[in-house]
Amino acid sequence: MNAKVIVGALIAAGVIGTGAAAFRGHIEAPMSSALANPVSFAGVATPAATPGATSLPLNGFSDLVKRVGPAVVNVSVNSMRKASAQENNNIPEEFREFFRGFGGKNMPNFPNMPRGDVPMRGQGSGFIVSGDGYILTNAHVVDGAETVNIRLTDRREFRAKVVGIDKTTDVAVLKIDAKSLPFVRLGKSADANVGEWVVAIGSPFGFENTVTAGIVSAKSRSLPDANYTPFIQTDVAVNPGNSGGPLFNLAGEVIGINSQIYSRSGGFQGISFAIPIEVALNVKDQLVKTGKVTRGRLGVTVQEVNATLAESFNLDRPRGALVSAIDPGSPAEKAGLQVGDIILKFGGSVIERSSDLPMLVADTAPGKSSSIEVWRKGSTKAMNVATYEGKAKADADEVASNGKANGGRLGLAVRPLTPEERKENRGRTGLLVEDVSGAAQRAGIQEGDLVLAFNGNPVKSVEELREHVAKAGKRVALLIQREGQQLFVPVELG
């Protein structure tokens, strides 16, 4: 597997499931005073975490785990999903013969076997953030669940209500009816340094309250289809079932939610990713208050500034977010932003990488005006720009890569054909697939395919495809050309 298809190996840190199939996943606000208190258990306060602790004590992580462990919970879910004919086809022939004796006459797909909804169970992790029962976990852990049960370390169990989920950041908020619960202290992921020790607690493969440790490997990692989350990368062992569990610093403060791993085997291979706690808290506060998450948007597409581009624009070094497209009528256009501007600051925050911008914009209330600083034609220029409310379907389209259409919902990086390529293709136009991930990859689209039409509408440019994706519903049909043959491919958008 080459580096370009890394998204194909990014999987949810996992819900370990049982039943017909494993329950699987895919792959921002001030702290309230209640969340700033130390962990307490059954109404009795335990020793507070040591503020700013950075060195490993002689007894390792033992004291830390004793303090924070009671606030980490096991999340078990029950749901239903439809059985597919393909799953029936995977049943060995000897079992097919067995089922023929019970009315399965029309093999191989067992049409007389029970169809439709199949019960499914899964497990993940979570942690209590307030004594009155609010819990954070991953959205993919509880998405589609009919019932959610919470089990504490003292073996008490509660039925949980799903307050809300935000698939864009993969954060979910649960609530159980209980008082005086143990709860975690919340830290700041921004204060964590690369190389520092961190600890994860969760239920990998269903083994509850498992503790693993490692270091922060990198910060502000941008992953495909997750443009609003600057992930914390660690080498902490994270496996299916760890999803939604907390990532602690040595002070015993949560700085992230374990969410995804990079793996070629489906198991841990030394790279895991956590959602920064600041992102999760922003989502939590909005879901608790309004039941939904609102994000600001500028109406621009930006890309990374590499060394070559920095030199081309006479910028001292690679930094900022290069504006490669502006939506007509958007606040960015009205403010005077231009294609080719490099955004260096937004609302006073420095933009080092293009991935820094979407989260800052998303955290800005729609309608609020913010100051920005851009690099234009060799000098800086200051201006103010307002944000508008971004819809969910546009969330993953905010950032493009290398000037290509990187449809977060669609999962394609495409470009127009060169004149030579059009000549070889008998003059036919289309968009050449250079990278594929997400929804398109699941549908079977491959690198080298030529996208001819979207829901029957011919596409001749990257902008046309982007506009079609932005307006599309959940399911679309792509007309593609592969090795001289044309076919329609149904795609369920992310």
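The values are calculated or read from the model by the stated rules, or taken from the named source; none is laboratory data. Quantities reported herein were computed from a predicted structural model and do not represent experimental measurements. Here Cβ is always computed from backbone atoms with ideal geometry, including for glycine, and neighbour counts include all displayed protein chains. Side chains are part of the model used for accessible areas, which takes the heavy atoms of the whole protein and leaves out ligands, DNA and RNA. Shrake-Rupley method; radii C 1.70, N 1.55, O 1.52, S 1.80 Å.
Worth a mention:
- Pairs, first more than 16 Å from Leu64 (Cα to Cα) in the stretch 240-265, second assigned to a loop (DSSP other than H, G, I, E, B) and among the acidic types (Asp, Glu), C-beta under 6 Å, six or more apart: Ser259/Asp170
- Taking the stretch 45-142 and the helices (runs of 4 or more DSSP H) fully enclosed by it, the elements with 3 or more residues that are at pLDDT 90 or above, open to solvent by less than 50 Å² (accessible area, probe 1.4 Å) and among the hydrophobic types (A, V, I, L, M, F, W, C) are at 62-68, 139-142.
- Given (1) modelled with pLDDT under 85; (2) within 30 Å of Pro318 (Cβ to Cβ), index of the condition Val414 fails: (1)
- Conditions (1) loosely packed, with under 15 Cβ neighbours inside 10 Å; (2) modelled with pLDDT under 80; (3) within 19 Å of the chain's Cα centre (by Cα); number of the one not met by Glu492: (2)
- The residue pairs whose first member lies in the stretch 172-188 and is within 20 Å of Thr290 (Cα to Cα), whose second member is part of a loop (DSSP other than H, G, I, E, B) and of a type in the set (A, V, I, L, M, F, W, C), and whose beta carbons are closer than 9 Å, counting only pairs six or more residues apart or on different chains, are Val173/Val129.
- Flag if Asp235 is within 21 Å of Val65 (Cα to Cα) and of a type in the set (Asp, Glu): yes
- Scanning the stretch 341-353 for residues that are part of a loop (DSSP other than H, G, I, E, B) and over 11 Å from Val374 (Cα atoms) returns Gly347, Gly348, Glu352, Arg353.
- Filtering Ala453, Ala470 for residues that are on the phi < 0 side of the Ramachandran plot, surrounded by 14 or more Cβ atoms within 10 Å (Cβ to Cβ) and part of a helix (DSSP H, G or I) leaves a single hit, Ala470.
- All strands (runs of 3 or more DSSP E) inside the stretch 192-305 with 2 or more residues being over 30 Å from Val374 (Cβ atoms) and open to solvent by 20 Å² or more (accessible area, probe 1.4 Å): 210-223, 253-262
- Failed item, numbered, when Ser180 is tested on (1) more than 20 Å from Val238 (Cα to Cα); (2) surrounded by 19 or more Cβ atoms within 10 Å (Cβ to Cβ); (3) among the small types (Gly, Ala, Ser): (2)
- Selection of the stretch 473-486 for residues being among the β-branched types (Val, Ile, Thr) and either over 9 Å from Asn455 (Cα atoms) or surrounded by fewer than 12 Cβ atoms within 10 Å (Cβ to Cβ) (or both) yields only Ile480.
- Arg442 vs. criteria under 26 Å from Arg297 (Cβ atoms), open to solvent by 20 Å² or more (accessible area, probe 1.4 Å) and either in contact with a Cys (Cβ under 8 Å, 6 or more places away or on another chain) or at pLDDT 80 or above (or both): no
- Scan of the stretch 354-369 for residues that are in a loop (DSSP other than H, G, I, E, B) and open to solvent by 20 Å² or more (accessible area, probe 1.4 Å), ordered by number: Ser355, Asp363, Ala365, Pro366, Gly367, Lys368
- Residue in the stretch 326-340 that is modelled with pLDDT under 90, in a strand (DSSP E or B) and under 26 Å from the mean Cα position of the chain (by Cα) present: yes
- Whichever residue in the stretch 456-467 is part of a helix (DSSP H, G or I) and more than 12 Å from Leu412 (Cβ to Cβ) and, among such residues, is most open to solvent (accessible area, probe 1.4 Å): Glu467
- Scope the stretch 146-161; condition open to solvent by 50 Å² or more (accessible area, probe 1.4 Å) and in contact with a Lys or Arg (Cβ under 8 Å, 6 or more places away or on another chain); matching residues: Glu157, Lys161
- For the stretch 168-175, the criterion of a residue being closer than 23 Å to Ser437 by Cβ and open to solvent by less than 10 Å² (accessible area, probe 1.4 Å) is satisfied by at least one position.
- Qualifying residue in the stretch 391-407 (condition: at pLDDT 85 or above and surrounded by 15 or more Cβ atoms within 10 Å (Cβ to Cβ)): no
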